[in-house]
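Working notes, structure below.
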Amino acid sequence: MASVARMTALASEIAQKTQIITDYLTSRNLEAASFDVDGLAEFPIPPEDEVPFKARLDLAAATKELYDISVGPKQSLRNLSWDCANNLSLQAVWEFHIAEAVPLTGSISYEELTAKVEAVNNDLPIGVPNLRRLLRHAMTNRIFCEPTKNQVAHTRTSRLLVEDEPLRNWTGFVCHDMWLPVANTVNAMKRWPASEESTETGVNIVYGHTLPWFEFLQQDPALTKRYNLAMKAHGNSEGYAVEHVVQGYPWADLGEATVVDMGGNQGYVSAAIAEVFPGLKFVVQDQAGMRTPEAIGSAVPGHLADRVKLTTHDFFTPQTEIAKLYFFRMIFHGFSDKYCVDILRALVPALRKGSLVVINDGALPEPGTASYLEERAMRTLDLFMQVSVNAREHEADDWAELFARADPRYAVKRVWRPAKSVMSFIEAEWKPGQEV
Ligand SMILES: C[S@@+](CC[C@H](N)C(=O)[O-])C[C@H]1O[C@@H](n2cnc3c(N)ncnc32)[C@H](O)[C@@H]1O
């Protein structure tokens, strides 16, 4: 009867965690997240309020487990296999700009909506039956709803596709740009066994080129912009929130110092740190293709412009900017180990005794040690790193080895994961003359 006991235990855990969350919200006169068109897109529970924050993570894990049990292994496997249809309906919504064609208040008939959608897609014939079936499938994921028969209205999720530009681009990037590469990753593994090259991936098969990922991105300004905005949406999701970077490292200890943000994209992370630590100046380096007007998705706010400078530097070439600290956020998971070593070696010419290298990157948790949502996010990201660049998320123990391979003068000081963050900090110091 262990299976029955498990169901009972989960049901009571769900009731208990829900109570913690609703008590918290009620006592503050706050709403829960909701799919109602005017509902909250996220729970208003900050990570500092640890008990309700953790209760929500536990609730998600327990409801998922109880849901899976109630579906059962046989049906779960059937569902898992064809749930790729989720991607199909979402891709269609994104590709055909359907969310923008649905009024934000009230509803619209399938006939009127089809005419509007066809018009914005250069009169591409889609037809009512196709539009209706795609939307009715999307509705099973709470994207749009049908308040009365044949009338389509927004939910909070579909409204996000209209109003949240980074998230809309995230959807397009994952469901459109990455979909076929995902489907071709096993083919890539067969064609290039155990490859560590970013030119031997599902992306290379699908898009028919031999370029590394970032060079491929830069061929197409629209794709570059979509990627940049998608990274912003990713960076803003709970476990990846930029506030974990701002709060999670003792930036104040640097006093007045220059930080080089390597592969810093459009500088949004540096800007967030600069906002809180006025003694710091940032040099945000990225590739030239990321510095074209078309690629710039978001600029550094005007009041920080003299402390956060966007510049161009390829981190595989020798570093020339002398700084106290070299910061890498979400860089090393993008390259296989041999290239991570090259990046660390290219820094050496600029390093002085006591220079710091700080990495903020995923560290895969031991199975079962993080919350379900966190572990799932990390493992999904790990797979996407394989799909796009044949790289991987690292385990906490991997870092010392990586630095040692690059140069024995690097000394890894500590590796830690701030609470609520799915990303860890790895801090190394340059210690010439003390190598063992
Ligand atoms: C995953 S994004 C991370 C961006 C940013 N650090 C953040 O935390 O959001 C990787 C960044 O590395 C940049 N990049 C890739 N190859 C590079 C290279 N060889 N030199 C400098 N930047 C590079 C990309 O253009 C991109 O902006």
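What follows is calculated from the coordinates using simple rules that are stated; it is not laboratory data. A quick note: this is a predicted structure, and the numbers were derived from the prediction, not measured. For neighbour counting, all protein chains shown are included, and Cβ atoms are generated from backbone atoms with ideal geometry for every residue, glycine included.
What's the ranking of 95-106, 270-281 by average number of surrounding C-beta atoms within 10 Å, highest first?
Ranked by mean Cβ neighbours within 10 Å, highest first: 270-281, 95-106.
Name the lysines eligible as straight-distance cross-link partners of Lys74: C-alpha to C-alpha under 25 Å, and not fewer than 8 places from it in the same chain.
Lys64
Could you calculate the FRET efficiency of Lys353 with His303 from 1/(1 + (r/R0)^6), where r is the beta carbon distance between them and R0 is 30 Å, rounded to 0.05?
Result of the calculation: an efficiency of 0.30.
For segment 147-257, with equal point scatterers placed on the C-alpha atoms only and solvent neglected, what are the log10 I(q)/I(0) values from the Debye formula at q = 0.13 1/Å, to two decimals?
Each listed q corresponds, in turn, to -0.73.
Taking the number of other C-beta atoms within 10 Å as the exposure measure, put Trp416, Trp192, Trp82 in order starting with the fewest.
Trp82, Trp416, Trp192
Taking amide H atoms as placed 1.01 Å from N in the peptide plane, list the residues 5 or more away in sequence, or in a different chain, whose amide H sits under 5 Å from that of Phe282.
The answer is Val259, Val308, Lys309.
Please compute the length gained on full extension between Ser12 and Thr369, using 0.36 nm multiplied by the number of residues separating them and subtracting their Cα-Cα distance.
Going from the current span to full extension adds 126.3 nm.
Residue by residue through segment 38-43, which ³J(HN,Hα) values in whole Hz follow from phi under the Karplus form 6.51 cos²θ - 1.76 cosθ + 1.60 (θ = phi - 60°), with glycine and proline marked x?
Whole-Hz 3J(HN,Hα) from phi for segment 38-43: 9, x, 7, 6, 9, 5.
Using a 7 Å offset from the Cα along the Cα-to-Cβ direction at both Glu50 and Glu146, what is the distance between the two label points in nm, to one decimal?
The two pseudo-label positions are separated by 4.8 nm.
Quantify how much of the Cα-Cα distance distribution of segment 225-430 extends past 21 Å, in percent.
More than 21 Å apart: 51 percent of the Cα pairs in segment 225-430.
Tell me the net charge near Asn87. Cut-off is 14 Å between Cβ atoms, Asn87 excluded, with +1 for each Lys or Arg and -1 for each Asp or Glu.
-3
Using the basic label-point model (7 angstrom from Cα toward the beta carbon), what is the Ala257 to Lys190 distance in nanometres?
Going from the Ala257 label point to the Lys190 one covers 5.1 nm.
How many percent of DSSP beta bridges within segment 225-430 run antiparallel, rounded to 5?
Within segment 225-430, antiparallel bridges account for around 35 percent of the total.
How big, on average over all directions, is the shadow cast by the Cα convex hull of segment 1-139, in nm²?
11.5 nm²
Test of understanding: ordering Arg414, Arg136 by Cβ neighbours within 10 Å, fewest first, what list do you get?
Starting with the residue having the fewest Cβ neighbours, the order is Arg414, Arg136.
Taking the Cβ of each residue in Tyr67, Tyr207, Tyr410, Tyr240 as the centre, tally the other Cβ atoms inside 10 Å and list the residues starting with the fewest.
Final ranking by Cβ density, sparse to dense: Tyr67, Tyr207, Tyr240, Tyr410.
Output the relative contact order of the chain, whole-number percent, from Cα pairs under 8 angstrom with separation of 6+ residues.
Relative contact order of the chain: 12 percent.
Can you list the DSSP H helices in the chain whose Cα atoms extend at least 27 Å along the helix axis and whose mean Kyte-Doolittle hydropathy is 0.0 or higher?
2-27, 50-71
Which residues' amide hydrogens lie under 5 Å from the amide hydrogen of Ala363, considering only partners 5 or more residues apart or on another chain, with H built in the peptide plane?
Those lying under 5 Å, H to H, from Ala363 are Ser424.
Could you pull out which residues in segment 158-197 have an amide N less than 17 Å from a spot 7 Å beyond the Cα of Asp83, following the Cα-Cβ vector?
Inside the label zone: 175, 183.
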